[in-house]
Amino acid sequence: MTDGYDNSDVTFVDFATESASPSAGIATIATFGPSAGCGRTRGSRVAARNSVPALIGESPEMKEVTEHLRRIAPSMAAVMLVGESGTGKEVAAELLHAHSLRAAKPFVSVNCGAIPANLVEAELFGYERGAFTGAVRQHQGYFERARGGTLFLDEITEMPIDLQAKLLRVLETGRMVRVGGSEEIPLDVRIVTATNRPSDAAVRDRVLREDLYYRLAVFLVRLPPLRRRGNDIELLSNAFLDQLNRDNGTAKKFDRCALAVAATHSWPGNVRELKNCIERSYVLSDDVVKLDIQPALDVSDHGALQGDCVRLPIGITMADAERELFLATLRHCGGNKRRTADVLGVSLKTVYNKLLGYGNGNGNGSNDASSNGTPLLRAASAA
């Protein structure tokens, strides 16, 4: 490998696209070896586990992200990860740590939004005995517990704005003082942050200080939403099902339309939603897994679901309009294909053909314009 990595650093795993077998696939991912420093601390999660972090994906977007992470991992520079909820920001942060020069030291993950506002400073920087009521002993904060390693500040925009000024000061000086103390403590930690808000919007809305943003985003890495990752949905689905089969000693398989249905869903919850869906479907199924997709809160970039109506922008192509109407109806029917066929006034075979066509990336459905002679767009409009 390039950039100073060798085969002892990285384990390569192949995932199949048609089955869950890890031995004959086309998608290669890099999984980084486990680091030292196991354990958990209150309010945070400290890495090095028996499992290894991995970003699964063969899409151009994920290849670009993975390559970017590999290049910046050895650096000490701060990294900001931006992406929708469930896109894998914490996994990306773990990859940065696991392949850095600090891999043998702790990886401390802190959700800034999960700490009460009046306790954030004490939890981050620690406090001395007697600093406030209830401080009966000295307490090391997250910065000290991550000494020599990586501190991952998730949802950084949820940190109170006044505390962001103190954080900026600490990062610029490389020294901190515990609450109630006077001794300056030198820091030795790499900072990785994450947010599900667009960075420019966060600064504009004044939930993130502009000066702190420039300090934290030396490298800005954007993680793509699942709906933009194409066949990665199939790769992830097979990987999740394969893991469930291994954990439970089963050999369940997807039904013939499951992956096509998955490819048509917008996945607003991204990889987290997909994983939960596969687990839920696995539990509810016998030998053949049929996807149990919960109704989505949105549809896609093209159409906007409002109540029982779908708004389509002027200028959308006929093929895209048909696709949006079809998928919105399918979701409105809770994924029930027979009911979808009845609502649209088409045959069940047409619904299956549409799902298979969309799953293969052919959104025009030209191979099955209408099995009963009624164009799907006209049928959807009538419905």
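Stretching Ala135 away from Val288 to a fully extended chain increases their span by 49.5 nm, per 0.36 nm per residue minus the current alpha-carbon distance. Extension gain for Leu171-Asp342 works out to 55.5 nm (0.36 nm per residue, less the C-alpha to C-alpha distance). Of all lysines in the structure, those lying under 20 Å Cα to Cα from Lys349, and not within fewer than 8 positions of it along the same chain, are Lys290, Lys337. Between segment 96-116 and segment 311-332, the alpha-carbon centres lie 42 Å apart.
A short reminder: the numbers here are calculations on the coordinates, not readings from a lab. The structure displayed is predicted, hence computed values, not measured ones.
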